[in-house]
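I have placed the structure first, in the form of structure tokens, so that the comments after it can refer back to it.
The values are calculated or read from the model by the stated rules, or taken from the named source; none is laboratory data. Since the structure is predicted, the reported quantities are computational estimates derived from the model, not experimental observations. With ideal geometry, Cβ positions are generated from the backbone for all residues, glycine too; neighbour counts draw on all protein chains shown. The accessibility values were calculated without ligands, DNA or RNA, using every heavy atom of the protein model including side chains. Shrake-Rupley method; radii C 1.70, N 1.55, O 1.52, S 1.80 Å.
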Amino acid sequence: MSDLIVNGQRYALDAQVGRSLASVLREDIGLIGTKIACNEGHCGACTVLLDGVPTLSCITLVHTVGEREVTTIEGLRDHPLVESFVRADALQCGFCTPGQIVSASALVEANPHPSREEVRHAMAGNICRCGAYPKIEEAVLTWQD
Amino acid sequence: MARLIRTEKEVEGNYTEQWIVVDEDPVAQWPSGPLEIVGRPLARVDGAERARGEAVYTADLQLPGMLHVAVLRSPHAHARVTQLDLARASEAPGVRAVLTPDDLDVLTREPGYPGAAIAAVAADTYDLAAEALELADIEWEVLQPLLDPDEAVQQGSLIDEPERYDRGNVEQGFAEADVVVETEYRTQTVLHNSMETHQSVCQWEGDLLNVYTSTQYIWGVRAETAAKLGLPEDKVRVVCHYMGGGFGAKNHPGEYTFIAAELAKRTGRPVRCALTRREENLTTGNRHATIQRLKVGAKADGTLTALVGDFVMAVGWRGFKSWTAGPMKMLYHCPNVSTVEYGAKVNTGPNAAFRAPGFVEGTFGLECLLDELAAKLEIDPLELRRRNHSDSDLVDDRPYSSKNLIECYRRAEPHWEKRDEVRARSNGPWKHGIGMASQIWFGAGGPPSYAWVRVGSDGRALVVTAMQDIGTGTKTAMAQIAAEELGLPVDRVQVSIGDSARGPYAAISAGSSTTPSMGPAVRAAAHDAARQIIEIAAQRYHKEERVLSLKGGNVVSADGGSWPIEEVTGLLDDAQILGKGARGPNPTGMRVLTFGVQVAEVAVDVETGEVRVDKIVAVHDVGRVINPLGASSQVEGGVIQGLGHTFSEDRLLDPNTGAVLNQTLDAYKMPTIADVPEIVTDLIDVPDEHLTNLGSKGLGEPPIIPTSAAVANAIRDATGADVRSLPISREEMLRALAEAKEKEKTREAPTAV
Amino acid sequence: MKLLQPSSLEELDAAGPGLLLAGGTDVVPILRNKLIDVDTLVDIRAVVPRGVDGTRIGAGTTLAELEVDPQIPAALREACASAASPQLRAMGTIGGNLRQATRCWYWRMHYPCFLHGGDRCYAQTGVHREHSVFANDRTASAHPSDPAAALLALNARVRTNRRELSISELYRLPTNDNRDVVALDYDEVILDLEVPTPEASTYLKAMDRQKYAFALVGVAAARFGTDVRLGLSGVAPIPWALDSAAGLDDATPLPDNAYKIQIARALIERALEAVG
Ligand SMILES: Cc1cc2nc3c(=O)[nH]c(=O)nc-3n(C[C@H](O)[C@H](O)[C@H](O)COP(=O)(O)OP(=O)(O)OC[C@H]3O[C@@H](n4cnc5c(N)ncnc54)[C@H](O)[C@@H]3O)c2cc1C
Ligand code: SF4
Ligand code: FES
Ligand code: FES
């Protein structure tokens, strides 16, 4: 039996082959900040980082994660992006928001001063039905303020 | 003393007379413009917990021993179940209970649309429930689906009686007209797709049913669930602290709630019934497609003389005709109007309210028609609209409670006037243009709605009301209103919502009515508490009540002296000051409406049919703005949904079987961040002096209404092409361009003698 | 279900046949929706080379890695950048991309159609705005891969654990006897790609949104000396090569998708202009 490393903690992985990372995070570990909105890899609500790479946890088989470190929104609660999202009003219902912040965190890690175009390119996989996009763009552009 | 009065309530254009009880004298409106807290931007009070992933949505709730439901749904648009046997399914691993149509009337043996619920299984996990369903022995007699709405109308397959409306005499109106334009417009079916799917968790505690649900209307769910189950309403407790979007589709409990309640009863365990994204897109509602056959007559100076509309709506197997004729009846001063609306009953999923239902569609038709008329008359489209401005409501023959549409036009004008500049940007295949469209909609809200305000000895206030915040920021607006009235910094005000057992009745979050309904109740409650604080302070500090007011966390005396509020309330120790407030009546004999205009700048690649929207200017008259930050978010969200409706969203049906082909979000394409133009929000922040103690109207819906028409009109301005059908896909754009070219050719060709 | 995770080609061979799993972006949803029925999954990520070395690209390289790699011809970079979403590009490998299944909604909804082994194509008489305009007599499926069109224009070669072949040989039109669009064995593994360096290349894509949509039409052009090669996505059941825009005259559009030809014509003209 292998382990799962989430936000710096090791968890014994005890799940049936075929289960998704998202379901294990939410149901087994209780990390409900990762949302599931489509469960088939289309919307980005379930985005987590695997060794820093934005990944759709709903279509990631948990047994393929291996030693890669999982970072969920719970591991990013102190990230300045959280504050900038709230300040810019970059959320309405908030259901897409954890995924948005996880995606944005990968972007600003690689590119601390992204351009508007770069933000749009890096955030296009996170659907927000409320249409908070203009404010999301602003939040990511001003994350260090 | 409680006074009983009879008043009118309007939700999305439906007026009902009702009795309400008001107990205090109404509080006078605040002066216009930004106050200390109200009217100033404030980040959402519950933003952090949502952003940090701490907020527990219905989807996140995990109760000990909870079971999960999978629903057997019809793969056919129209069929009859000839045999159904769940014996094998009920013996599958992990299965705890099953339901068939014999057990629950929301399950059916005669599905009329793909996705109709037939049976349900509760099991230890969702996967086990889904696997068990595969063991259901079921046989179908597949019937021919009726899909074409025109055909349905011809066959008399209607949801209800056609709705006719006439004023004046349209024949006479056309006789007086110098110009007549007649056109057909079509709009598609659009899916709500809120990110949290419809779902409920039901749990019995003795004879009390707890319903945790993703809803826009806690009290509606309570009433409908109680009625369905034959329970007293207080035996149903409905909880929704956070919800992941609704847009009109979550106004009712839905079959999933009843399924979960019944299975919870049978198993004695909490039961979750959560829809998958695919089920969501089959069964939970949609903006129904419309066919609009419109005709307008006008004098040479642009004065409208007649408007006629024949509207066919593809409602679905159930549902309602949304108010597609509304804009035609209400937007302009036209003496002669005749409309008829048919609701076609077809074998598709039932519709549901979707952000300004009918008005989005009807405005697309009417406002495109007006631009086609303007082109024919060679009148500036904005001028044409000004000339037909209506100073009073012609439908009910009433004055407006307030109307600042002319001011909206004035503020839009500088953008509109850039037309030549924008057109001059055209370069190679890219043609640029500007278009505009007006907006009219309801948004008065109404009674009943209640709030309580509790001030503790620490000088902090808690607003209690059992409303829901669907993402519109209502909770934040309520905190601002209470803080303003109590003279407290907003971080000393907390708002408790989301639980029918904890707080009084609160309005539905629909029809742009939450803030105009709830806000006045919260203000009244805060006022009641403030009055008590002042009364206490007057006695403690030997002042007259009338010289005291609450400001900046202090009780301030006009003749000098200021005491922290907590000093006053601190006298009370464990005692509390309790204020209560109710939403007062709407102004009788008046029509309370919202107005606006949007200007769109677009660029069209005439070789590939690509359309890029560069800018949307949204000017709306929605009364007093409580939170300009949240308000601009609402406007942007509405415009963006409008752009999805305009360009890329379209529920596709297989013409042979009626199957929904794009239930998933790879194929059903909602806008992403990359599709968003510059959006300029400009709200006419003037209170409606006749409306409540706030003067705020609703804001959720107006911004989605004129977007598609403004864009289509901009496309005409840029290219001369008439797009008359939504979405404006590549093929529709290229078709319209080809048609325009054809028209151009025949115009240029010398006419044969 | 069994998940095997071989760590070498030898172990892979020893593992026996199973469905290959790389980034899983296509395979996992397909499995979950039971579009294919397998009991063994073989995670090949430890086996397939990853990374770029000059003109050689490991099949395990992700689209996200490719879109920013300066060693790669522009057409391939742009095709990768325009494909899918950031997360999907970060997960999805180029090997998996080349072998992804059709997006045809009928196929994805289990209609017993030609590509599923049945005897008719439901798209031809149904909704087919996104379907193919070439070679659409048996199946109207439109090949969804952007990178494949670019690799076709770039005349790339593919090395598997069994052989080497050109991109045009990798794809085949399905026949009555064999419904596959890829000329590989079920468990044959693409190891790497050899991508020649053109003088100039580009990829242009028409889609329903600005980003994150499959190509309605994608056009790749690559110039080697005076020779310009074109590869198209979204127009045929497999990536489609054309010599010039004149080839569009042979298209056989269905009632509702002739618009694709018009778009293709404009994009080809622009792509040719771009590569000079
Ligand atoms: C919503 C969505 C949108 C998308 N949009 C686009 C788009 O616009 N343009 C585009 O080009 N693509 C698009 N894709 C496809 C995406 O790029 C592919 O799914 C991805 O590249 C596949 O790589 P993978 O590593 O995840 O493959 P997997 O899902 O792991 O595998 C896919 C297939 O390839 C096989 N396979 C994997 N690796 C190898 C190998 N090395 N050798 C042989 N066979 C192998 C698998 O057995 C399987 O049959 C989209 C996908 C999704 C889900
Ligand atoms: S296009 Fe191909 S995949 Fe789609 S229905 Fe036709 S045969 Fe099947
Ligand atoms: S929930 Fe994973 S992508 Fe939508
Ligand atoms: S905030 Fe509601 S979906 Fe993004």
Taking the alpha-carbon centre of each part, the distance from the stretch B:123-162 to the stretch B:415-491 in Å is 39 Å
Helix-only [θ] at 222 nm, chain B, -39500 (n - 2.57) per DSSP H run of 4+, per residue, nearest 500, equals -8500 deg cm²/dmol
For the pair B:Arg747 and B:Lys299, the simple spin-label estimate (label points 7 Å beyond Cα toward Cβ) gives in nm 2.7 nm
Expected integer from the mean partner chain Cβ neighbour count at 10 Å over B:647-659 is 4
For the stretch A:2-72, the dipole about the Cα centre with charges only on Cβ (Lys and Arg +1, Asp and Glu -1), to the nearest 20 debye, works out at 160 debye
Here, A:Ser2 and B:Ser549, labelled 7 Å along Cα→Cβ, have an inter-label distance in nm of 6.7 nm
Packing-ranked peptide list from B:187-200, B:43-56, C:121-134, A:111-124, highest mean Cβ count within 10 angstrom first, is B:187-200, C:121-134, B:43-56, A:111-124
Residues hit by the 20 Å² burial cutoff in the stretch B:42-75, accessible area with a 1.4 Å probe, assembly against chain on its own, are B:Ala43, B:Arg44, B:Gly47, B:Arg50, B:Ala51, B:Arg52, B:Gly53, B:Glu54, B:Tyr57, B:Ala59, B:Asp60, B:Gln62
Taking a probe of 1.4 Å and leaving out DNA, RNA and ligands, the stretch B:468-519 shows per residue an accessible area in Å² of 20 Å²
So, for the Cα atoms of the stretch B:478-597, Rg and Dmax in Å stand at 16.9, 54
With R₀ set to 45 angstrom, the calculated FRET efficiency between the beta-carbons of B:Asp160 and B:Arg425, to the nearest 0.05, is 0.40
Given B:139-147, B:606-614, the highest-first ranking by average Cβ count within 10 Å works out to B:606-614, B:139-147
Heavy-atom accessible surface buried between B and C, both sides counted, 1.4 angstrom probe, nearest 100 Å², is 2500 Å²
Computed about the Cα centre, the charge dipole of the stretch A:76-141 from +1 Lys/Arg and -1 Asp/Glu charges at the Cβ has a magnitude in debye, to the nearest 20, of 200 debye
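Multiplying the sequence separation of B:Ile406 and B:Asp148 by 0.36 nm and subtracting their Cα-Cα distance, what value in nm do you get?
88.8 nm
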Averaged over the residues of B:675-682, the number of partner chain Cβ atoms within 10 Å of each residue's own Cβ comes to 3
Out of A:Leu107, A:Val65, A:Cys130 - ranked by how far each Cα lies towards the positive end of the dipole of chain A, with unit charges on the beta-carbon of charged residues - the top one is A:Cys130
Once amide hydrogens are built 1.01 Å from N within the peptide plane, the residues lying 5 or more places from C:Cys113 or on another chain with amide H under 5 Å from its amide H are C:Gly118
Given a Förster distance of 25 Å, the FRET efficiency implied by the Cβ-Cβ spacing of C:Asp243 and C:Thr55, rounded to the nearest 0.05, works out to 0.55
Rg/Rh over Cα atoms for the stretch C:85-209, Kirkwood Rh, comes to 0.97
Across all Cα atoms of the stretch A:2-72, Rg and the largest Cα-Cα distance (Dmax), in Å, are 10.6, 29
Computed from the beta carbon distance with a Förster radius of 51 Å, FRET efficiency for C:Leu4 and B:Glu17 to the nearest 0.05 stands at 0.10
If unit charges are put on Cβ atoms (+1 for Lys and Arg, -1 for Asp and Glu) and the dipole of the stretch C:48-275 is taken about its Cα centre, the option from C:Asn176, C:Asn155, C:Thr102 lying farthest towards the positive end turns out to be C:Thr102
Here, C:Gln71 and A:Glu69, labelled 7 Å along Cα→Cβ, have an inter-label distance in nm of 2.8 nm
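How big is the equivalent ellipsoid of the stretch C:48-275 along its three axes, where each semi-axis is √(5λ) from the Cα gyration tensor, reported in whole Å from largest to smallest?
They are 26, 21, 16 Å, listed largest first.
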The local net charge around C:Ile44, scoring Lys/Arg +1 and Asp/Glu -1 for residues other than C:Ile44 whose Cβ lies under 15 Å from its Cβ, equals -3
Distribution output for the stretch A:76-141: share of Cα-Cα pairs per 10 Å bin in percent, first bin at 0, values 24, 63, 13
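Pairs of alpha-carbon atoms within less than 8 angstrom and 6+ residues apart define the contacts here; what relative contact order does the stretch A:76-141 have, in percent?
Normalised by residue count, the contact order of the stretch A:76-141 is 50 percent.
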Per the rule of 0.36 nm per residue minus the C-alpha distance, extending B:Thr588 to B:Asp396 adds in nm 67.9 nm
Loop-resident GluC sites (Glu not before Pro) in the stretch B:648-753 with no more than 16 other Cβ atoms inside 10 Å, DSSP not H/G/I/E/B, are B:Glu689
The stretch B:282-296 and the stretch B:514-568 have their Cα centres apart by a whole-number Å value of 51 Å
The Rg/Rh figure for the stretch B:685-734, Cα atoms and Kirkwood Rh, to two decimals is 1.28
Semi-axes of the stretch B:595-753 from the Cα gyration tensor (sqrt of 5 times each eigenvalue, largest first, whole Å) come to 35, 22, 14
Ranked output for segments B:356-364, B:329-337, B:212-220, B:277-285 by mean other Cβ atoms within 10 Å, highest leading, reads B:356-364, B:212-220, B:277-285, B:329-337
The percentage of Cα-Cα pairs in chain B separated by more than 40 Å is 38 percent
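What does the structure give for A:53-63 when I average, per residue, the other chain Cβ atoms found within 10 Å of the residue Cβ? It would help to have the intermediate numbers written out before the result.
Values: counts 7, 8, 6, 9, 1, 3, 12, 5, 10, 0, 4.
Rounded to a whole number, the mean comes out at 6.
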Residue-ordered couplings for the stretch C:60-74, obtained by feeding phi - 60° into the Karplus form 6.51 cos²θ - 1.76 cosθ + 1.60 and rounding to whole Hz (Gly and Pro as x), are x, 5, 7, 4, 5, 5, 6, 5, 10, 8, x, 6, 9, x, 3
Loop-resident GluC sites (Glu not before Pro) in the stretch A:1-80 with no more than 11 other Cβ atoms inside 10 Å, DSSP not H/G/I/E/B, are A:Glu67
The relative contact order of chain B, taking Cα pairs under 8 Å that sit 6 or more residues apart, comes to a percentage of 16 percent
Percent relative contact order for chain C, counting Cα pairs under 8 Å at least six residues apart, stands at 19 percent
Probe 1.4 Å, protein heavy atoms only: C and A together bury a total accessible area in Å², to the nearest 100, of 2000 Å²
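Filter the cross-link list C:Lys2/C:Lys34; B:Lys669/C:Lys205; B:Lys299/B:Lys376; B:Lys299/B:Lys745; B:Lys376/B:Lys403 down to pairs whose alpha-carbon distance in this structure exceeds 18 Å. Write down the numbers at each step before the final one.
Working: C:Lys2/C:Lys34 15 Å; B:Lys669/C:Lys205 16 Å; B:Lys299/B:Lys376 11 Å; B:Lys299/B:Lys745 28 Å; B:Lys376/B:Lys403 29 Å.
Distance filter (> 18 Å) returns B:Lys299/B:Lys745; B:Lys376/B:Lys403.
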Kirkwood-based Rg/Rh on the Cα set of chain A evaluates to 0.97
The Cα extents of the protein assembly as shown along the principal axes, largest first and rounded to whole Å, are 98, 89, 63
